[in-house]
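In what follows, a structure is listed as structure tokens, so that the remarks can point back to it.
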Amino acid sequence: MKKSKQRQKLRRGVIGIESAIVLIAFVMVAAALSFVILNMGFSTTQKAKTTIASGLDEASSAMEITGGVTGHGNVTQNRLTYYAVPIKVSPGGQSVNVETGNTAIRYYSKNLVFESTYRGILTNGTYSNSTAAIVAAKNAGMINQLPWAGNGLNETSAIVYFTVNKNNNSILDIGENAVVLMMFKNSDRPTSLDTVNTEVIVPTGALLSVKRMVPSISDTVVELG
């Protein structure tokens, strides 16, 4: 009887140890699974944050307009020869590469659409007015003719020049100011009450869209607002 009782106690002890081992193993597996799940959760959250941040960057424009849009008018013909859009990097934004290989400038109106009008950027120095920049663009071979001379341009064209230039390169940095200058071929020139649209498309961030209505052209200086 004593031996039988001892055997029963021994079996109970073994069963108890086995149960404890199984329980410990179960706890360890559960802990490992919990760690994996938590790690996956953190990874998913981080990816979501990255995606949201990237989406916000793409949704916000890299550049903004810094002042009024001004044009040059031909009073006799009641047509706009060119107009200038002053730009800079948006607050909180980063430098923008505006060389022709990275940036496109699109123009469209009621009857015209030009997907690619960008002819180049004047990287060296600054220009106090559009006339000086146009002459420099002509000398650099970006355009074939001065818009107001002879038969004018052979195609509607856009250039970029700096009014505040720190580095003499094609990067629009924080603290620099530039101008997008849209010049028209004679037959493409808008007239009073026409709506003109310019889009500056850069590698990152939303495009910069500028829409203006041409007022009555009674002077060579035309304020488009």
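Among the candidates S187, S216, the residue that is of a type in the set (G, A, S) and assigned to a loop (DSSP other than H, G, I, E, B) is uniquely S216.
Taking the criterion of being small (G, A, S) and in contact with a strand residue (DSSP E or B) (Cβ under 9 Å, 6 or more places away or on another chain), the residues of the stretch 131-186 that qualify are A132, A133, A136, A137, A140, G141, G152, S157, A158, S170, G175, A178.
Residue count for the stretch 93-110 under the criterion of being in a loop (DSSP other than H, G, I, E, B) and over 17 Å from the mean Cα position of the chain (by Cα): the result is 2.
Of all the criteria given as (1) free of Cβ contacts under 8 Å to residues at least 60 places away in the same chain; (2) surrounded by fewer than 16 Cβ atoms within 10 Å (Cβ to Cβ), the one not satisfied by E99 is (1).
In summary, A206 fulfils each of the numbered conditions (1) under 19 Å from the mean Cα position of the chain (by Cα); (2) at pLDDT 95 or above; (3) of a type in the set (A, V, I, L, M) with the single exception of condition (2).
The set of residues in the stretch 102-124 being among the hydrophobic types (A, V, I, L, M, F, W, C) and without any contact (Cβ under 8 Å) to a residue 12 or more places away in the chain consists of V113 alone.
The values are calculated or read from the model by the stated rules, or taken from the named source; none is laboratory data. The structure displayed is predicted, hence computed values, not measured ones. Virtual Cβ from ideal backbone geometry, glycine too; neighbours counted across all protein chains shown.
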